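The values are calculated or read from the model by the stated rules, or taken from the named source; none is laboratory data. This one's a predicted model, so the numbers in the text were calculated from it and none came from an experiment. Cβ sites come from the backbone with ideal geometry, for glycine too, and all protein chains shown count toward neighbours.
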Amino acid sequence: MTLDNIKEEIKKAKTIVILCHESPDGDAVASSLSVMHAIKQFGKNADVVIPEYSKDFKFLPGSEEILQKGKDEPYDLAISVDCSDLKRLAAGKEYFETAKKTIEIDHHSVNSMFADLNYVDPAAPACCQVLIGMFEYYGVKIDKDLATCLLAGIITDTGGFQWGEVTPETFEFAAELIRDGAKIKEICRRALRHKSKAHCELEKIVYERLEFFEEGKVAIAYLTLEDYKKAEAEIGDDEGVVDMIKDIEEVEVAVLLKEKEGVAGFKVSLRSNDEVNVSDVAMLLGGGGHPGAAGCFVLGNVEQVKAKVLNAIKQEMNK
Ligand code: AMP
Ligand code: MN
Ligand code: MN
């Protein structure tokens, strides 16, 4: 069974690296730290390598151990969490590719199963929820620190139990994590509700730029490199901006185009209420994600990218 094989590989490995997707969200950082905490219980240490992440996640227990770079020599084992594709490991790709053995733990349904051992549950609303099941199987003790990380992943990926594949089981897991000492108030305040001033500046720009299509069902806005500079934005300051677009009256699909440095294109964030599967939209454009939240990268200027994305949304709406 995959779970037994994963445990076997962890026990065998002398050096282990944990990696997650680029522009990591709360689930990516929290899953990485959760695996690190669990591996310590196996009497081992693992390097968590995340080159850049939002300061909103620095309250997570163990985050002070996060490294920007890994070791020069190849690792015995690389574990990828919350990442559906080798490409999205970005800077972590080199550690993954040179590792002697590789493991993927994830919850994205569009998944390239890119590791030697893949443990993927698309029914889970967060990678952290997949980990809870694994840890139960392994008999890992859920202490206060681990509980805080696991709950942070679930809360950030579901927008506070609002979207994604939230089921009664998710609440049962959350209740248990709170009993184990997870700091729910701090998680909600710091990882969910906290907004930097730069984030508010970006929100202002986005409200001014909103354009509606398809009888108001599609709302699109964009942020340029110049906007990020003017707002003095740091990594993660644009997190959640697209979700605010989704809540506007009549909107079914929210789109935020975020210009990327040095690549002549935009990172596209897609969100949907119920009617449209944005993961299928993202796939048409070479990306992926979940039915309600997905993303991709599209080359071109604002108008070109907007047209390509709108076209893909229309295709999906007319299906
Ligand atoms: P974001 O808009 O970056 O918050 O991403 C929303 C969801 O889509 C997350 O679950 C991401 O992991 C996923 N996602 C974003 N970009 C891509 C991509 N290029 N390929 C596959 N999945 C993506
Ligand atoms: Mn993620
Ligand atoms: Mn996730």
*Of all residues in the stretch 1-46, which are part of a helix (DSSP H, G or I), of a type in the set (Ser, Thr, Tyr) and more than 16 Å from ligand 2 (Cβ to nearest atom)?*
Thr2
*Given the residues Ala28, Ala90, which is the only one that is within 16 Å of ligand 1 (Cβ to nearest atom) and on the phi > 0 side of the Ramachandran plot?*
Ala90
_For the list (1) more than 16 Å from ligand 2 (Cβ to nearest atom); (2) touching a strand residue (DSSP E or B) at 6+ places or on another chain (Cβ under 9 Å); (3) in a loop (DSSP other than H, G, I, E, B); (4) not aromatic (Phe, Trp, Tyr), I need the number of the one condition that Gly164 fails._
(1)
*Filter the stretch 7-34 down to residues that are over 10 Å from the mean Cα position of the chain (by Cα) and buried (at least 24 other Cβ atoms within 10 Å of the Cβ), then give me how many there are.*
7
*Would you check which residues across the stretch 58-85 are touching a Lys or Arg at 6+ places or on another chain (Cβ under 7 Å) and either of a type in the set (D, E, K, R) or in a loop (DSSP other than H, G, I, E, B) (or both) and list them?*
Phe59, Pro74, Asp76
*What tally of residues in the stretch 146-183 results from selecting those that are within 12 Å of ligand 3 (Cβ to nearest atom) and among the charged types (D, E, K, R)?*
2
*Determine, yes or no, whether Glu275 is within 25 Å of Gln315 (Cβ to Cβ), at pLDDT below 95 and surrounded by fewer than 21 Cβ atoms within 10 Å (Cβ to Cβ).*
yes
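Kindly provide the set of residues from the stretch 218-257 that are in a helix (DSSP H, G or I) and surrounded by 15 or more Cβ atoms within 10 Å (Cβ to Cβ), ordered by number.
Result: Asp227, Tyr228, Val241, Val242, Asp243, Met244, Ile245, Lys246.
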*Does Ala91 satisfy being more than 16 Å from ligand 3 (Cβ to nearest atom), at pLDDT below 95 and assigned to a helix (DSSP H, G or I)?*
yes
